[in-house]
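Participant: Questions regarding the structure given below will be posed in turn.
The values are calculated or read from the model by the stated rules, or taken from the named source; none is laboratory data. Quantities reported herein were computed from a predicted structural model and do not represent experimental measurements. Using ideal geometry, Cβ is built from the backbone for each residue, glycine included, and neighbour counts are taken over all protein chains shown.
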């Protein structure tokens with residue numbers, strides 16, 4: 001399971017002259033057989049002839065003998081020269097990819113966490129709730145809570161109104177208590193997004209009891225029976241959360257284009273984004289998923305690691321020699337994360353690309 005600590009470890013690892021092999025492999029048992037995935041693995045490894053034989057052997061050994069065959073994907077990072085080996089079975093869909101560089105390829109993990117990470121689901125009715133905690137497609141915890149029983153009394157007459165008031169007050173008390181539990185579980189499981197399930201009336205009342213900081217994490221609602229199995233809950237919740245994430249990212253990109261044009265706390269384009277990155281002023285980094293930077297477009301200083309998008313063979317900061325930077329986008333992503341910036345990967349059809357840019361950033365100041 002990949003959490004912030006594991007991601008930061010990958011971000012900070014440097015092969016220091018020894019290559020790091022990063023591999024993302026789709027092993028979804030619903031889409032193919034083990035032998036088909038092994039063939040795909042061989043083809044990926046053959047596509048990078050400079051792969052370290054020790055790294056290749058380690059990954060092949062893992063696929064043959066060790067990996068969880070219920071997983072839908074694998075993310076493997078190997079630098080055997082430094083005894084570095086990290087592998088993460090994933091329960092969300094991934095695309096095949098391979099890269100050899102001095103550092104691990106992390107931006108694909110960022111995209112997966114943004115879409116499927118830290119998701120809480122609260123299914124409620126007037127008497128109780130079920131709480132589900134999902135991260136990258138895995139159910140980490142589920143628990144239930146039952147409040148005061150709320151009965152519907154059928155008798156009429158003078159007592160009907162009194163019974164109704166009692167039922168309504170009992171329901172409100174239950175929902176208020178469930179809202180308190182939701183706040184507690186949000187902190188405990190670090191839910192970044194919440195999906196609520198229930199009837200419109202119950203959800204409207206329930207939301208009124210949630211504090212503003214929890215309401216801000218709600219990304220959508222769905223109709224769901226409290227007895228639904230976890231697989232159905234996950235499928236419903238992930239669909240809601242994914243749609244909400246895509247809509248949010250689209251609006252972020254639209255607003256960034258406008259803000260960058262006005263020089264109002266945002267920049268667009270590679271040059272300005274690199275300047276902001278090295279000033280430590282990036283708050284959110286956005287780029288298109290199809291964006292690639294040619295190996296000769298960004299150069300890195302061999303001494304101070306300054307990056308520039310020009311053909312200068314000497315560093316404008318310290319005067320040392322510069323070198324071409326393969327897969328510059330991975331380095332930009334890694335440095336943004338190291339600077340505590342949020343990284344958002346946009347779909348190919350997005351407002352930032354439509355405006356003639358494939359990368360941009362919101363600034364802290």
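Participant: Against the definition (within 27 Å of the chain's Cα centre (by Cα), buried (at least 18 other Cβ atoms within 10 Å of the Cβ), at pLDDT below 90 and over 30 Å from residue 286 (Cβ atoms)), how does residue 224 come out, yes or no?
Facilitator: yes
Participant: Look at residue 296 and say whether it is more than 23 Å from residue 92 (Cβ to Cβ) and outside any strand (DSSP E or B).
Facilitator: So residue 296 fits the description; yes.
Participant: In addition: So for the stretch 325-347 (the condition being surrounded by 20 or more Cβ atoms within 10 Å (Cβ to Cβ), under 16 Å from residue 260 (Cβ atoms) and touching a residue at least 60 places away in the same chain (Cβ under 8 Å)), does at least one residue qualify?
Facilitator: The answer is yes; a qualifying residue exists.
Participant: Inside the stretch 199-220, can you point out the residues that are part of a helix (DSSP H, G or I) and within 28 Å of the chain's Cα centre (by Cα)?
Facilitator: 203, 206, 207, 212, 213, 214, 215
Participant: To continue, here is another question. Being assigned to a helix (DSSP H, G or I) and modelled with pLDDT of 95 or more narrows it down to one residue among 249, 255; which is it?
Facilitator: 255
Participant: Just a yes or no: is a residue in the stretch 243-250 surrounded by fewer than 21 Cβ atoms within 10 Å (Cβ to Cβ), at negative phi and in contact with a helix residue (DSSP H, G or I) (Cβ under 7 Å, 6 or more places away or on another chain)?
Facilitator: Within the stretch 243-250, one or more residues are surrounded by fewer than 21 Cβ atoms within 10 Å (Cβ to Cβ), at negative phi and in contact with a helix residue (DSSP H, G or I) (Cβ under 7 Å, 6 or more places away or on another chain).
Participant: If you take the residues in the stretch 64-80 that are over 25 Å from the mean Cα position of the chain (by Cα) and modelled with pLDDT under 95, which one is surrounded by the most Cβ atoms within 10 Å (Cβ to Cβ)?
Facilitator: Top of the filtered list is 64.
Participant: Of the numbered conditions (1) exposed (fewer than 15 other Cβ atoms within 10 Å of the Cβ); (2) more than 17 Å from residue 117 (Cα to Cα), residue 216 satisfies every one except a single condition; which is it?
Facilitator: Failed condition: (2).
Participant: Also, quick follow-up: Is it the case that the stretch 126-138 has a residue that's in a loop (DSSP other than H, G, I, E, B), touching a residue at least 12 places away in the same chain (Cβ under 8 Å) and more than 15 Å from residue 74 (Cα to Cα)?
Facilitator: yes
Participant: Right, another one. Run residue 110 past the list (1) within 17 Å of residue 59 (Cβ to Cβ); (2) part of a helix (DSSP H, G or I) and report the number of the one that doesn't hold.
Facilitator: It fails just one condition, (1).
Participant: Also: Could you please give the count of residues in the stretch 268-282 that are in a strand (DSSP E or B) and over 23 Å from the mean Cα position of the chain (by Cα)?
Facilitator: Total meeting the criteria: 0.
Participant: Residue by residue through the stretch 81-100, note down the ones that are surrounded by 17 or more Cβ atoms within 10 Å (Cβ to Cβ) and over 20 Å from residue 137 (Cβ atoms).
Facilitator: Within the stretch 81-100, 84, 98, 99, 100 qualify.
For (1) touching a strand residue (DSSP E or B) at 6+ places or on another chain (Cβ under 8 Å); (2) outside any helix (DSSP H, G or I); (3) in the same structural domain as residue 90 (by TED's automatic domain parsing); (4) within 21 Å of residue 92 (Cα to Cα), each residue gets a yes or a no:
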{"site": "10", "(1), (2), (3), (4)": "yes, no, yes, yes"}
{"site": "15", "(1), (2), (3), (4)": "yes, yes, yes, no"}
{"site": "21", "(1), (2), (3), (4)": "yes, yes, yes, no"}
{"site": "25", "(1), (2), (3), (4)": "yes, yes, yes, yes"}
{"site": "30", "(1), (2), (3), (4)": "no, yes, yes, yes"}
{"site": "45", "(1), (2), (3), (4)": "yes, no, yes, no"}
{"site": "51", "(1), (2), (3), (4)": "yes, yes, yes, no"}
{"site": "67", "(1), (2), (3), (4)": "yes, yes, yes, yes"}
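Participant: So, in the stretch 227-246, of the ones that are touching a strand residue (DSSP E or B) at 6+ places or on another chain (Cβ under 8 Å) and over 15 Å from residue 120 (Cα atoms), which residue ends up modelled with the highest pLDDT?
Facilitator: 243
Participant: Here is a further query. Can you pull out every residue in the stretch 167-199 that is in contact (Cβ under 8 Å) with a residue 60 or more places away in the chain and surrounded by 15 or more Cβ atoms within 10 Å (Cβ to Cβ)?
Facilitator: 182, 185, 186, 189, 191, 192, 193, 194, 195, 196, 197, 198
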